[in-house]
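Below: one structure, written as structure tokens.
Since every read-out is calculated from the coordinates, none of them should be taken as a lab result. Because the structure is a prediction, the values reported are computed rather than measured. Every residue, glycine as well, gets a Cβ built from its backbone with ideal geometry; the counts of neighbours run over all protein chains shown.
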């Protein structure tokens, strides 16, 4: 498969997954349709905007190619309509919903980890730390904005080993592709790896150590 086509598919996968994630959080917080669209789009393209600013791209990709914003908008509207018809937020509390949300969010995380590494390297950057950093920012930046805009502490700071999964995934993809162009294979392995870590952390309720302060 052509690498540019493969990369584009991954970008759409990440965009749709994160748009769904943002829309569901907005609906949980009882936002109106405008809030759902804005939060969904912010989640989908916010990380890429951060990445492009960090690596010094003159024109961020979301403005250069607004297709991703359009896809995110359509996705959030579809989610809103479905939830509006169902008209039952009890679904949000169900185990099936939480598992589905976790898998969708993890797919977006893994896809944007891969996209972040590839686009940063394609921009001519060969600094490993910057490549990993910009990749992780691509993956978690939109989610951070989503949580801040919905008045929550960002998930990457508090649960389910979110940021660690992105860091390890970015490092894995970078190492596999360091001496060659095995991007499809590396992307598949990275996606499975990231989703696997996130699912295990969710299933077993694993979190990084915290200071437990007594009331």
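Numbers for the structure displayed
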item	result
Condition met for residue 31 (over 18 Å from the mean Cα position of the chain (by Cα) and at negative phi)	yes
Residue within region 143-164 that is farther than 19 Å from residue 25 by Cβ, without any contact (Cβ under 8 Å) to a residue 40 or more places away in the chain and assigned to a helix (DSSP H, G or I) present	no
Of the criteria (1) exposed (fewer than 13 other Cβ atoms within 10 Å of the Cβ); (2) closer than 30 Å to residue 58 by Cα; (3) free of Cβ contacts under 8 Å to residues at least 24 places away in the same chain, which one residue 172 fails	(1)
Elements of type helices (runs of 4 or more DSSP H) contained in region 53-137, each with 2 or more residues being in contact (Cβ under 8 Å) with a residue 60 or more places away in the chain and under 15 Å from the mean Cα position of the chain (by Cα)	95-122
Which listed residue is crowded, with 16+ Cβ neighbours inside 10 Å and over 26 Å from residue 190 (Cα atoms), from 17, 44, 26	26
Which listed residue, of 189, 195, is more than 16 Å from the chain's Cα centre (by Cα) and in a helix (DSSP H, G or I)	189
Among the residues listed as 39, 7, 24, 49, the single one being more than 21 Å from residue 155 (Cβ to Cβ) and assigned to a helix (DSSP H, G or I)	7
